[in-house]
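The structure under discussion appears below in the form of structure tokens.
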Amino acid sequence: MLKNLRKIYSPNFNIDKRKAKDIKFVILHYTGMKNERLAIEKLTSFNSKVSCHYFIKNSGEILNLVPDLYVSWHAGKSSWKNIKSLNFNSLGIEISNPGHDNKYDNFNIKQIKSLIYLISYLKKKYNIKKKNILGHSDISPNRKKDPGEKFPWALMYKKKLCIWHNIKEKKLKRFRNLDCNKIEKSEFFKNLEKIGYNTHNKKLVILAFQRRFRQIFISGKVDKECLLISISIAKNK
């Protein structure tokens, strides 16, 4: 059982209960609002039509807004591999952060510690595979940027809570910003599809991939470094 969990009711969920085995994903979000109070108000307002299962405050406190076995409205229009609309199969976690439109900030240590604790618990409880711990921009690259390039995916990987590549920085630098030919670009997008991305909008899916796996340089352009990373992840996911 999760410790020090505070429950705050959100009315925005499906009435029908699902089974524990239906929960296969954890989707991470940032709130993208100017302050924490406004974010909580929105997620608990009937008129907003949005919610999440868990909310991590700036203090690190974890709020539970919707019980796990009810479908909360956090993913929206989304897809991953052959699954459309991930709300039914996922748990949504919102992390307090102003986001790209409101002076995007680093996630603080208290938040990340609480997140590691929470995901570790949920992963074990519902037997969620680490490849199924995703960002909102992974499943909705056409619409979303969160949790963004300041989210510590590499640290989560070290905690065995997501996928990542194991290529050393020295090698990556050698390939950064080197142009790919048409065949290499085609291979890159095929790798993204293997990983799970919907590649319909190529420009936006490149940005989503870079915010997740090449956070140091968000160019929106496929280069040889991106190709190298995509090969590593597609092979080892």
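What follows draws every value from the coordinates through simple rules; no lab data is involved. As the structure is a prediction and not an experimental result, all values here were calculated from the model. In this analysis, Cβ positions are derived from the backbone assuming ideal geometry, glycine residues included, and neighbour counts consider all displayed protein chains.
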Inter-site label distance for ASP179 and ASN236 at 7 Å from Cα along Cβ, in nm: 3.1
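Counting other Cβ atoms within 10 Å, keep those with at most 10, restrict to DSSP loop, and tell me which chymotrypsin sites (Phe, Trp or Tyr not before Pro) in segment 32-132 are left.
Sites meeting the loop and neighbour criteria: none at all.
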Quote the relative contact order of the chain in percent (integer), defining contacts as alpha-carbon pairs under 8 Å separated by 6+ residues. 20
For segment 169-236, just the Cα atoms, rotate onto the principal axes and tell me the three extents in Å, largest first. 30, 23, 22
Where both residues lie in the chain, what percent of DSSP beta bridges are antiparallel, nearest 5? 35
For the pair ILE216/LYS84, report the inter-label distance in nm, with labels modelled 7 Å from Cα in the Cβ direction. 4.0
Can you sort LEU86, LEU118 from fewest to most other Cβ atoms within 10 Å of each residue's own Cβ? LEU118, LEU86
Equivalent ellipsoid semi-axes - Cα gyration tensor, the chain, angstrom: 30, 18, 17
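Relative to the present Cα-Cα distance, how much length would full extension add between LYS110 and LYS125 at 0.36 nm per residue of separation?
That pair, LYS110 and LYS125, stretches by 3.1 nm at full extension.
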What residue among MET156, GLY135, TYR54 has its Cα farthest toward the positive end of the dipole of the chain, where the charges are +1 on Lys, Arg and -1 on Asp, Glu, each on the Cβ? MET156
Nearest 500 deg cm²/dmol is fine: what mean residue ellipticity at 222 nm does the chain get from its DSSP H runs of n ≥ 4 alone, each adding -39,500 (n - 2.57), divided by its residue count? -10000 deg cm²/dmol
Extension length gain for SER186 and ILE15 (0.36 nm per residue less Cα distance), in nm, is 57.2 nm
Ranking of LYS77, LYS130, LYS124 by count of other Cβ atoms within 10 Å, fewest first: LYS124, LYS77, LYS130
